[in-house]
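Bear in mind that the values in this text are calculations on the coordinates, not laboratory data. Note that this is a predicted model, so its numbers are computed, not measured. Glycine gets a Cβ as well: all are built from the backbone with ideal geometry, and neighbour counts include every protein chain shown.
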Amino acid sequence: MSSPRKTVPGAAPEGAHDVDSAARAVREMFTSIAPRYDLLNHVLSLNIDRLWWRRTARTFTHILSQSDARVLDLCCGTGDMTFALSNQAHRSPQLLGADFSHAMLQRAQAKLLDQFSENPKTKAPRWIEADALKLPFPAERFDLVTSAFGFRNLADYNAGLREIARVLRPGGECGILDFSDPKGPFGVIYRIYFKRILPRVGTTISGVRGPYSYLPNSVERFPEPGEMLARMRAAGLREATWTPYTFGVAGLYRGKK
Ligand SMILES: C[S@@+](CC[C@H](N)C(=O)[O-])C[C@H]1O[C@@H](n2cnc3c(N)ncnc32)[C@H](O)[C@@H]1O
């Protein structure tokens, strides 16, 4: 059988041999860790993930402060990026979180009921179970599309970018927050943590073998910033930029249709 590196143009968990089997494996993996996903995220990132979501949301204040803005948070998982966007919204944009794992969306809804019962000022986000590669929306629907730590898991990166560009209105913006591979001496130390320690801790806490070895592999497979920016431009997203967060452990890609 040919290697998944050749046959899958995006994320390829172990055993995946084409786009459909890769997507299925990703969905099953997130569904299996959904109950412990939030805890693990915060432990493994030492809570820095919260700063990254907030910083990303702040970048788009100019859109989030428009009351009629339509915002889509792709691969929203348990909703933390979506909630950061909603906290940054001064008025009431229409905010939608989309994910293809029902179990992850159930956690997002449980958190929403906690957070929004006392805060009617901001319109609560709504959730939709949908595949980021086949979005059930008409073209030019959204002013802003974001994705935090989700895009890297798509089984076809170029198709994901084309779908983002399709649903953005002309002038609309996108923000893709994801892990990167930090360079220099810090990168050497970080890789020991990311490739050796994190998979062990993740496997122990989640009780599920697989997802936390997949994580460093998926970052290794993900295009470097220069290549990702070229892919964004090819998909019709101009003014493409990448801003490293925390020494390049993560970073935000931005583009405009
Ligand atoms: C690492 S989690 C990120 C969740 C959240 N955005 C966060 O920052 O914590 C990745 C999410 O992407 C979702 N995902 C992966 N591929 C997807 C696809 N093709 N369509 C929709 N969701 C997808 C998974 O189900 C999972 O919930």
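All other residues whose Cβ lies under 13 angstrom from that of L64 are scored, Lys and Arg at +1 and Asp and Glu at -1, for a net of +1. Net charge of the neighbourhood of K195, taken over other residues with C-beta under 15 Å away and scored Lys/Arg +1, Asp/Glu -1, is +2. Taking 0.36 nm per residue of sequence separation and removing the Cα-Cα distance, the I192/E129 pair yields an extension gain of 19.1 nm. The aspartates and glutamates whose alpha-carbon is closer than 13 Å to the alpha-carbon of K111, local same-chain residues fewer than 8 away aside, are D38, D80. Relative to the Cα centre, the charge distribution of the chain, modelled as +1 at Lys and Arg Cβ and -1 at Asp and Glu Cβ, gives a dipole magnitude of about 380 debye. Using the rule -39500 (n - 2.57) for each DSSP H run of four or more residues, divided by the residues of the chain, the 222 nm mean residue ellipticity is -13000 deg cm²/dmol.
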